[in-house]
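The structure appears below as structure tokens.
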Amino acid sequence: MKRINSRAIAIASAALFIAPLVSLGATTTPTYADAASPTRILTCTQKLASKPATYTLSCADANAGWTGMTWSAWGASTATGRGLLRQNNCSPNCVSGKFLDYRATVTLSKVITTKKYGALFSQATFHYSVGGKSKTEVFGLAD
């Protein structure tokens, strides 16, 4: 009998606590960070993407991009991944050049807010090595 009374008291107490909140019109309003549209990137074809494995960085000539990217983090202000930075060496010129792949980490950052697309990452920073020397390269993202 004691057990039933304890449960009844707990339920009644919860109802008494919640009732004033409901009668005052208390609601939960999601913040922008909770919104259904996370920070994304815009592709060369003007499509929104989140966590793309492949992406073209230079829309005009497609001489740079990433492939095989896996994302360890994708947040509202930054995203971090590992994959291959693929670049045309443009030697002797870009038409005759060959593509080189570099194992790299990338950080997407510099969020901009647009009326048409919402929050977008606008910068990609790559860290990689060539011949044992560390390199950092920064690209603007399609906007």
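Here, each number is a calculation from the coordinates, and none is a lab measurement. It should be emphasised that the depicted structure is a prediction, and the values quoted were computed from it without experimental measurement. Please note: Cβ atoms are built from the backbone with ideal geometry, for glycine as well, and neighbour counts cover all protein chains shown.
How much length is gained on full extension from Thr105 to Ser58, taking 0.36 nm per residue of separation minus their Cα-Cα distance?
15.1 nm
Over 5 Å intervals from 0, what percent of Cα-Cα pairs in the range 82-143 sits in each interval?
4, 16, 19, 20, 17, 12, 8, 4, 1
So which lysines can Lys133 reach, going by Cα to Cα under 29 Å and dropping same-chain residues fewer than 8 places off?
Cross-link targets: Lys51, Lys98, Lys110.
Listing Trp71, Trp66 from the residue with the fewest other Cβ atoms within 10 Å to the one with the most, what is the order?
Final ranking by Cβ density, sparse to dense: Trp71, Trp66.
Mind checking the full-extension length gain between Ser134 and Lys47? Use 0.36 nm per residue of separation minus the Cα-Cα distance, one decimal, nm.
This chain segment gains 28.1 nm when fully extended.
How many percent of Cα pairs in the range 36-140 exceed 19 Å?
44
Taking other Cβ within 10 Å of each residue's Cβ, how do Arg82, Arg103, Arg40 sort, fewest first?
Lowest count first: Arg103, Arg82, Arg40.
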